[in-house]
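Here the structure comes first, spelled out in structure tokens, and everything after it is commentary.
Taken together, the values in this text are just the output of simple stated rules run on the coordinates, not laboratory data. Everything numeric in this text was worked out from a predicted model, so none of it was measured. Reconstructed Cβ throughout: ideal geometry from the backbone, glycine too, with neighbour counts over all protein chains shown.
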Amino acid sequence: MATTTASRQNTKQKAKVIAKKTATAAKKGVDKTGDFVKSNPKTALYVVGRLVVGVVLYKVIKSITSGDILKPDIDNQVDVGNLPTTGATITGQKARVFAQQLLDAMNHKQPLWGTDEATILNVFNKLTPADFRMVFNAFGNKDYNGHNSPPEGPWAFLDSYEPKNLVYWLHSELSPRDGEVYRKVKETVIAAGFAF
């Protein structure tokens, strides 16, 4: 037992010595870097600038080669889900049309960016809960950046977005302040078996 305690103390002392040497070396490295920047501010600025340009160019080239920039309709890929749709009164084609109308309404751009609540209400006035599940399946997961779909074109790689389902989109785009459309959407979504 005494040997084990002595061995632990010896290991702790060695670790302290190594940590102290590492900290001293790191401090010397920081000091040397600071001295270099102070004595060569122009060169340091060039180095930082080149790093920034390099990172941006890398992202642009990666986006181009992966085809992300060249995708004309990043949000318009319709996925078919597997929610039960027994009792639906619309066809799969009509569900896809409604899904596209809802996406377009939530990406409304005229005259200002925003949500076209009138179109959403019009669509939901035509849906039963089973119909909504079909539209949900047709909508799939669309890229969402917290406001709407991400931008297209060369600046798309600068945006941050994740694929989200229709319920997420509706919940993010509508609020109780939207009155009738919010109540109608919430009622239909909850009746279809989702939380809203």
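Here is how the numbers come out for the structure above:
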| read-out | value |
| --- | --- |
| Environment charge at His171 (Cβ cut-off 11 Å; Lys +1, Arg +1, Asp -1, Glu -1) | +1 |
| 14 Å beta-carbon shell around Val181, net charge (K/R +1, D/E -1) | -1 |
| J(HN,Hα) series, segment 40-52, from Karplus relation 6.51 cos²θ - 1.76 cosθ + 1.60, nearest Hz, glycine and proline x | 9, x, 5, 5, 4, 5, 4, 4, 5, x, 5, 4, 4 |
| Rounded FRET efficiency, nearest 0.05, which uses the C-beta distance separating Glu162 from Val55 and R0 of 30 Å | 0.85 |
| Above-threshold pairs, the threshold being 29 Å between Cα atoms, out of Lys21/Lys42; Lys59/Lys142; Lys94/Lys186; Lys21/Lys59; Lys164/Lys184 | Lys21/Lys42; Lys21/Lys59 |
| Karplus (6.51, -1.76, 1.60) ³J(HN,Hα), θ = phi - 60°, over segment 87-95, in Hz, Gly and Pro reported as x | x, 5, 10, 10, 8, x, 5, 5, 4 |
| Local net charge near Ala105, Cβ-Cβ under 9 Å (Lys/Arg +1, Asp/Glu -1) | -4 |
| For Tyr144, distant residues with modelled amide H under 5 Å away | Glu162, Lys164 |
